[in-house]
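J.: If you scroll down you'll find the structure; I have some questions about it.
FYI, it's all coordinate maths here, none of it is from the lab. Since the structure is predicted, the reported quantities are computational estimates derived from the model, not experimental observations. We place every Cβ from the backbone using ideal geometry, glycine too, and count neighbours over all the protein chains shown.
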Amino acid sequence: MEQTGYQPLGDYTFPENIKKIIQENGTREDLDPGVIFQYPGENSEYLYYIEQGKVLLGIWSDKGEERLIEILGPNNFCASASVLASVPDRIFLQTDAPTVLYKINRDKIKQLIHDSEEFRDMIIQYVSTILIRMTTLIEGITFLNCKERIYQLLKVSMNPNISVDKVWHPIRYPYSKMDIARIVGASRPTTSRLFGELCAEGLIREINHTIQVRE
């Protein structure tokens, strides 16, 4: 497979002052693995900040079939569109490891947007990130085969600010093969086989259980 034009998402590490605003205005929750804290169809009023842990973001079909959209780690936000639009959304949010969240309700979000330029800029950045991620997902479903979707996922997840041997970049989140399979909608054996083909083509590699992507 030839190199494609997939570009890594920007570095969305939020500064310490934003974390302080969230901690001061949010409510902390310590959750066990497997806790669903946002169900499809709910009109959620909370924006969640992941301080530590692992959160699955996905959708369920009317038949109960799951499609995972993204796996989020620390220093990420997650929320339903309903938090700003006040309409039900079809996503679910579920912990996949012991997780520490801070949640901020809709009224507090509106107040912070009005009072804090830093928080307002963060919200704009967050919404922009979601739009980019959704565009990438739609592109993958519409135009790409399974192998290309795996490469796309890893390419946009790589950290361009960290390099190894000048040409290799680790991905921001330590995806397992099962994580990748769930996101691209493939079986675990198929994902492992296609992952191996991408390694053989020199597009990705795995060193000490860390996936790296070639620039």
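J.: Long-range amide H contacts for G58: which residues qualify at under 5 Å (H placed 1.01 Å from N, peptide plane, sequence gap of 5 or more or a different chain)?
T.: Excluding prolines and chain starts, which carry no amide H, the hits are I69, F92.
J.: Mind ranking 111-124, 138-151, 70-83 by how tightly packed they are, going by the mean number of other C-beta atoms within 10 angstrom, highest first?
T.: The packing order, highest mean first, is 70-83, 138-151, 111-124.
J.: Cβ under 14 Å from H209's Cβ, H209 left aside: what net charge do those residues give with Lys, Arg +1 and Asp, Glu -1?
T.: 0
J.: Let me ask another. Step through the residues of the range 198-210 one at a time and calculate ³J(HN,Hα) from phi using the Karplus curve (6.51 cos²θ - 1.76 cosθ + 1.60, θ = phi - 60°), rounding each to whole Hz and writing x for Gly and Pro.
T.: Computed from phi, the couplings for the range 198-210 are 5, 5, 5, 7, x, 8, 9, 8, 10, 10, 6, 6, 10 Hz.
J.: Cα to Cα, under 24 Å, and not fewer than 8 places away if on the same chain: which lysines meet these conditions relative to K108?
T.: In chain and number order, the partners are K19, K20.
J.: Mind giving me the FRET efficiency for A85 and N145? R0 is 35 Å, r the Cβ-Cβ distance, nearest 0.05 is fine.
T.: Once the sixth-power term is evaluated, E becomes 0.55.
J.: Would you work out which of S157, G196, A181 lies farthest towards the positive end of the dipole of the range 124-215, given +1 charges on the beta-carbon of Lys and Arg and -1 on that of Asp and Glu, about the Cα centre?
T.: After comparing all options, I get A181.
J.: So, with +1 on the Cβ of K and R and -1 on the Cβ of D and E, and no other charges, what is the size of the charge dipole of the range 145-214 about its Cα centre, to the nearest 20 debye?
T.: 120
J.: For C199 and Y39, FRET efficiency with R0 = 41 Å and r from the beta-carbon atoms, rounded to 0.05?
T.: Values: r = 38 Å, r/R0 = 0.93.
The calculated FRET efficiency here is 0.60.
J.: Then there is this: Between R106 and R67, how high is the FRET efficiency from 1/(1 + (r/R0)^6) when r is the Cβ-Cβ distance and R₀ = 30 Å? Nearest 0.05. Write down the numbers at each step before the final one.
T.: Working: r = 27 Å, r/R0 = 0.89.
Result of the calculation: an efficiency of 0.65.
J.: To the nearest 20 Debye, how big is the dipole of the chain about its Cα centre, given +1 on the beta carbon of each Lys and Arg and -1 on that of each Asp and Glu?
T.: 380
J.: Right, another one. Work out how much length D121 to K19 would gain on full extension: take 0.36 nm times their residue separation and subtract the Cα-Cα distance, in nm to one decimal.
T.: Gain on stretching D121 to K19: 35.4 nm.
J.: Right, another one. Which one, [x] 1.07; [y] 0.97; [z] 1.12, gives Rg/Rh (Cα atoms, Kirkwood Rh) as derived from the coordinates shown?
T.: It is the value labelled [y].
J.: Now for a different question. Which of P15, Q212, P98 sits farthest toward the positive end of the charge dipole of the chain, with +1 on the Cβ of Lys and Arg and -1 on the Cβ of Asp and Glu?
T.: Q212
J.: For the pair M134/Y173, report the inter-label distance in nm, with labels modelled 7 Å from Cα in the Cβ direction.
T.: 1.8
J.: What residue among E24, E65, E45 shows peak mean-square fluctuation when the chain is described by a Gaussian network model with Cα springs under 10 Å?
T.: E65
J.: Magnitude of the Cβ-charge dipole of the range 104-181, K/R +1 and D/E -1, about the Cα centre, nearest 20 debye?
T.: Numbers: 11 positive and 9 negative charges, 59 e Å.
My answer is approximately 280 debye.
J.: Kindly list the residues of the range 142-170 that lie in the label zone of T190, defined by a backbone N under 19 Å from the point 7 Å along the Cα-to-C-beta vector.
T.: Counting only backbone N, you get 142-154.
J.: Take the residue pairs K147/K177; K63/K155; K103/K177 and return only those whose Cα atoms are more than 24 Å apart.
T.: Numbers: K147/K177 13 Å; K63/K155 32 Å; K103/K177 30 Å.
Violating the 24 Å Cα-Cα cut-off are K63/K155; K103/K177.
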